[in-house]
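Read the structure below first, then the notes.
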C-alpha cells in the first residue's frame with residue numbers, strides 16, 4: 001500500500017463551502033513569489049468548526065484555514081489570532097507548520113483567513129488508516145508519544161516570548177466555568193438539556209489554577225500528524241483555534257472528553273472520533289496518572305477537570321447544533337448533534353454522583 005493512501009488526504013469540497021479560487025489565487029500570487037499554475041482545491045473532512053482546504057499548485061501544496069460559513073459567535077473562529085499563535089509558537093515548539101500568509105482583506109473571501117505550509121503525514125482520525133497495522137505494544141508507544149507532545153507544550157515558559165499576549169493571567173478556571181456556562185445558555189434550543197445542575201456543581205467545586213502555560217484546548221489524536229516513515233513520531237500538532245494561556249489540567253480534561261475507551265457505553269462509543277479504543281491505548285485514568293507523574297503536578301481528585309471537559313464539549317456541540325437548528329448551516333452531519341449534547345449531561349451527572357459517593 002502506498003504512503004499516499006496512508007497519509008491524510010482531502011476530498012471534494014462540501015456543498016456550500018466552496019472558495020472563490022480565482023480571488024484566492026490572485027491574492028496569494030500578489031503576496032507570495034514562485035507559485036505556478038492555478039490551484040486545485042480540495043477540503044479535509046475532519047472538523048466541524050474552522051474549515052481546512054488543500055490548495056495544490058503545480059510546484060507546492062498550501063493549506064488554507066477559514067471560519068465556517070453562516071453566523072458565528074463574536075469571539076469564536078478568530079483566524080488572525082490562531083495564525084499569530086502558530087507563528088509565535090514556532091520558535092519554541094517545532095510541531096507547528098509555518099505560516100506563509102495572513103489575510104485581513106475581506107474582499108477576498110468575505111472573512112479573515114490564513115495560509116500555511118502543509119505538514120504531510122498520517123492523521124489518526126476515527127480509525128487508523130487501513131494500511132497502518134500496529135501491535136498492542138506499538139499502539140501503546142504511539143499513545144505515550146502523543147501525550148508527551150502535550151506535556152512538552154505545557155512545559156514551555158511563555159514569559160519573555162510573544163506567547164505572553166495570548167492569555168489573561170490568573171483566574172483561568174473561574175473564567176472558563178463562567179464563560180462556558182454563558183455560552184451554553186446562549187446556544188440553547190428547544191430540544192436541549194438544561195445542564196443547570198452540572199453548571200452549578202462546576203461553579204461550586206472550582207480548584208485554584210495549578211499553573212499558567214500555553215494550552216492547546218483541543219488536543220486530540222485527529223489534531224496530530226504522524227511521520228509516514230515512522231508512525232510513532234508526532235511531527236505536527238494542528239488546530240490552534242482555541243489555544244491560550246491557562247491551566248494545563250483543564251487542557252487535559254478537555255482531551256479526555258474525547259477519549260473513548262473500549263469499555264464505554266454504546267452512546268459514548270457512537271461519539272468516538274479517534275482510535276483510543278484500540279488495545280494498547282491508555283485508559284483515561286492511566287492518561288491522568290502518566291501525565292501527573294511526568295509533570296509532577298499534585299492533584300488529589302481529577303473529577304472536576306473530567307466533568308469540565310465533558311461539559312465544555314457539550315457546549316461546543318450545542319453551539320454547532322444551534323447553527324444547524326436555525327438554518328445557518330446546511331451540513332447534515334450536525335442534525336444529530338443535539339443527542340450527543342444531551343447525552344453528555346447524563347454522563348456529567350453520573351460522574352458528579354460518583355464523586356459525591358467517594
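What the table below lists for this structure:
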quantity: Separation of the residue 105 and residue 197 label points, Cα + 7 Å toward Cβ, nm; calculated: 5.6
quantity: Mean Cα-pair separation over length for the range 93-140, i.e. relative contact order, pairs under 8 Å, 6 or more apart, %; calculated: 28
quantity: Solution diffusion estimate, µm²/s, Stokes-Einstein, the range 3-117, Kirkwood Rh from C-alpha pairs, 4 °C, viscosity 1.567 mPa s; calculated: 87
quantity: Pairwise label distance in nanometres, residue 285 with residue 29, each label 7 Å out on the Cα-Cβ vector; calculated: 6.1
quantity: Share of pairwise Cα separations in the range 131-202, more than 21 Å, in percent; calculated: 60
quantity: Cα long-axis angle, helix 248-257 against the chain (0 to 90 degrees, to the nearest 10); calculated: 90
quantity: Gyration tensor (alpha-carbon) shape descriptor, the range 83-124, a/c threshold 1.5; calculated: oblate
quantity: Chain lengthening between residue 20 and residue 94 when straightened (0.36 nm per residue, less Cα-Cα); calculated: 23.4 nm
quantity: Whole-number percent relative contact order across the range 163-297, with pairs defined as alpha carbons under 8 Å at least 6 apart; calculated: 23
quantity: Ranking of 311, 69 by count of other Cβ atoms within 10 Å, fewest first; calculated: 69, 311
quantity: Cα long-axis angle, helix 172-186 against the chain (0 to 90 degrees, to the nearest 10); calculated: 80
quantity: The chain - percent relative contact order, Cα under 8 Å, separation 6 or more; calculated: 17
quantity: Whole-angstrom Cα spans of the chain along principal axes, big to small; calculated: 65, 47, 45
quantity: Segment residue 230-residue 299, length gained on full extension (0.36 nm per residue, minus Cα span); calculated: 21.4 nm
quantity: Rg(Cα)/(2.2 N^0.38 Å) for the range 271-357, N = residue count; calculated: 1.34
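Every number in this text was worked out from the coordinates using simple rules, so none of it is lab data. This is a predicted model, so every value here is computed, not measured. With ideal geometry, Cβ positions are generated from the backbone for all residues, glycine too; neighbour counts draw on all protein chains shown.
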